[in-house]
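Let me begin by presenting the structure, written as structure tokens, before commenting on it.
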Amino acid sequence: MFNNSKPKVADTPVGSTTIIGAGTVIRGNVSSDGDIRIDGTLIGNLDAKAKVLVGADGVVEGDIKGLDADILGKVTGQLKINELLQLRGRSNVSGEIFAGKLEVEPTATFNGNCHMGANVVELNSEMGNVVNK
């Protein structure tokens, strides 16, 4: 009558959102096929195939790769965002940015280098993290 079996990983729909909640600390690298939201702390690298959202209280100490990203919290590391990177609210980013497009609100803080353009992320990957200037 009732199915008490637990869902398998393959049953998880592609495009679902993973949430790392406030108060959670993860040490290690994380990869995600869907969207991911970080309201806790990640000490390690993040590789996402979709959108990355770092909430206002979220902290990432490591590199982030993704399709799109909204940063409202604190990130220390390299960001490689294929399409649109938004630094919003009181976000604080320290590191190197490679993004197709960048949007920075006046209340956001960014310290580091920025490389923008339609092919800059692909160029960076192909050249072993060396950008041709």
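Table: residues versus (1) assigned to a strand (DSSP E or B); (2) of a type in the set (Gly, Ala, Ser).
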{"position": "Ala56", "(1), (2)": "no, yes"}
{"position": "Ala69", "(1), (2)": "yes, yes"}
{"position": "Lys80", "(1), (2)": "yes, no"}
{"position": "Arg90", "(1), (2)": "no, no"}
{"position": "Gly95", "(1), (2)": "yes, yes"}
{"position": "Pro106", "(1), (2)": "no, no"}
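Only one entry of Ile26, Ile19, Ile36 meets the criterion of being surrounded by fewer than 19 Cβ atoms within 10 Å (Cβ to Cβ), modelled with pLDDT of 95 or more and assigned to a strand (DSSP E or B), and that entry is Ile26. When the range 108-119 is filtered for residues that are of a type outside the set (Val, Ile, Thr) and either over 20 Å from Gly55 (Cβ atoms) or part of a strand (DSSP E or B) (or both), the ones remaining, listed by number, are Phe110, Asn111, Gly112, Asn113, Cys114, His115, Met116, Gly117, Ala118, Asn119. Exactly one residue out of Lys51, Lys74, Lys80, Lys65 is within 18 Å of Phe98 (Cα to Cα), crowded, with 19+ Cβ neighbours inside 10 Å and either more than 9 Å from the chain's Cα centre (by Cα) or at pLDDT below 95 (or both), and it is Lys74.
The numbered conditions (1) aliphatic (A, V, I, L, M); (2) modelled with pLDDT of 95 or more; (3) under 20 Å from Gly34 (Cα atoms) are all true for Val121 except (2).
The values are calculated or read from the model by the stated rules, or taken from the named source; none is laboratory data. No experiment lies behind these values; they were computed from the predicted model shown. For neighbour counting, all protein chains shown are included, and Cβ atoms are generated from backbone atoms with ideal geometry for every residue, glycine included.
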